[in-house]
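First up is the structure itself, then whatever we jot down about it.
Any read-out appearing in this document is the output of simple, stated calculations on the displayed coordinates, not a laboratory observation. Note that the coordinates shown come from a computational prediction; the quantities given were computed from them, not determined experimentally. Positions of Cβ are backbone-derived with ideal geometry, glycine not excepted, and every protein chain shown enters the neighbour counts.
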Amino acid sequence: MSVDRDFSVISPAVQWPIAQVEQVHLGVMASGNGSNLEAIVSAIACKQLKAKIEVLIYNQPEARVAQRAERWGIPTVLLDHRAFPSREMLDAAIIQTLLQSDVEWVIMAGWMRRVTEVLIDAFPQRILNIHPSLLPSFSGIRAVEQALQAGVKISGCTVHLVELAVDSGPIIMQAAVPVLPEDTAVTLQARIQQQEHQIYPQAIALAAQQIYS
Ligand code: GAR
């Protein structure tokens, strides 16, 4: 007898699109592939999210996210962390770029560097991060592998306001997915990322309106 698997997710209980009065000016920080940037840009293009991405800051010269941004006409700025003597000095350069670009909200979309209070103090309660686990479980690097190793049966993703400790701060939105017996890090990450792409634009709209619960 074959058993149909239920791939349903626990979806956030918000109505999408979310009514927004003002357009929000975003600065995106990313280090890698950029699928979350693409999801945010798509939500803007579909008029679900009322926002403009003013700048993409990236730190890895070869990161695919830069090509994606350029295709959408988004200005890009490479700030290679290796060129800065300290995390604080990198953050100071990030702040300068964000302010020059009139950014109101900072969106970390796969930014794989720790930030300092220099950046957090410059944008208090205005920095969002997405993480591929149901925080507070499995913070830090290799979150998907951590979940597999722990043997959890449900994992997911979290969008939260950024505080100083890694992957900490008030949670804006989460989505859950099943972990299947045959999952590898690749298959579980793909399932989680599908949900990231759904919730990140929604979480930005909620956060911009200070709707945190
Ligand atoms: C995302 O899965 C995001 O949750 C993760 O990096 C990936 C970036 O993917 N972020 C972290 O692990 C931060 N702690 P993308 O480049 O395709 O958007």
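For the chain, a simple Cβ point-charge model (Lys and Arg +1, Asp and Glu -1, everything else neutral) yields a dipole of about 240 debye relative to the Cα centre.
Round to the nearest 0.05 the FRET efficiency obtained for ARG71 and LEU99 when R0 = 25 Å and r is the Cβ-Cβ distance.
Values: r = 26 Å, r/R0 = 1.03.
E between ARG71 and LEU99, to the nearest 0.05, is 0.45.
Comparing SER86, GLN100, MET173 along the charge dipole axis of segment 86-173, the residue lying farthest to the positive side is MET173, per the Cβ-charge model. Here is the list for segment 44-132: chymotrypsin sites (Phe, Trp or Tyr not before Pro) lying in DSSP coil, each with at most 16 other C-beta atoms within 10 angstrom of its C-beta, are TRP72. Remark: spin-label model distance LEU164-ALA92 equals 1.9 nm, labels positioned 7 Å along the Cα→Cβ axis. The antiparallel fraction among DSSP beta bridges confined to the chain stands at about 40%.
Loop-only check: which GluC sites (Glu not before Pro) in segment 97-152 are DSSP coil with at most 13 other Cβ within 10 angstrom?
Values: sites: GLU104, GLU117, GLU145; in loops: GLU104.
Answer in residue order: no site qualifies.
Counting other Cβ atoms within 10 Å as a rough exposure proxy, the listed residues THR97, THR116, THR184 run THR184, THR116, THR97 from fewest neighbours to most. The 3J(HN,Hα) values that the Karplus relation (6.51, -1.76, 1.60; θ = phi - 60°) gives for segment 166-179 are, in residue order, 4, 6, 10, x, x, 7, 8, 7, 9, 9, 10, 9, x, 9 Hz. Gly and Pro appear as x. Relative to the longest principal axis of the Cα atoms of the chain, helix 35-45 runs at roughly 80 degrees. GNM remark for the chain: springs join alpha carbons under 10 Å apart, and the peak mean-square fluctuation among ALA63, ALA43, ALA150 falls on ALA150. Among VAL152, VAL55, VAL103, the largest mean-square fluctuation in a Gaussian network model of the chain, built with springs joining Cα atoms closer than 10 Å, belongs to VAL152.
By the count of neighbouring beta-carbon atoms within 10 Å, fewest first, ILE107, ILE192 end up ordered ILE192, ILE107.
Are there any trypsin sites (Lys or Arg not before Pro) in segment 142-203 that are in a DSSP loop and have at most 16 other Cβ atoms within 10 Å? List them by number.
Details: sites: ARG142, LYS153, ARG191; in loops: ARG142, LYS153.
Listed in order of number, the matching sites are ARG142, LYS153.
In this calculation the C-beta distance from LYS52 to ARG113 is compared with R0 = 41 Å, giving a FRET efficiency of 0.95. Between ASN33 and ILE154, the FRET efficiency estimated from the beta carbon spacing at R0 = 25 angstrom works out to 0.55. Expressed as an acute angle from 0 to 90° and rounded to the nearest 10, what is the orientation of the C-alpha long axis of helix 87-100 relative to the principal long axis of the chain? So the helix axis and the longest Cα principal axis differ by about 70 degrees. Basic side chains Lys and Arg get +1 at the Cβ, acidic Asp and Glu get -1 at the Cβ, and with that the dipole of segment 11-82 about its Cα centre reaches some 140 debye.
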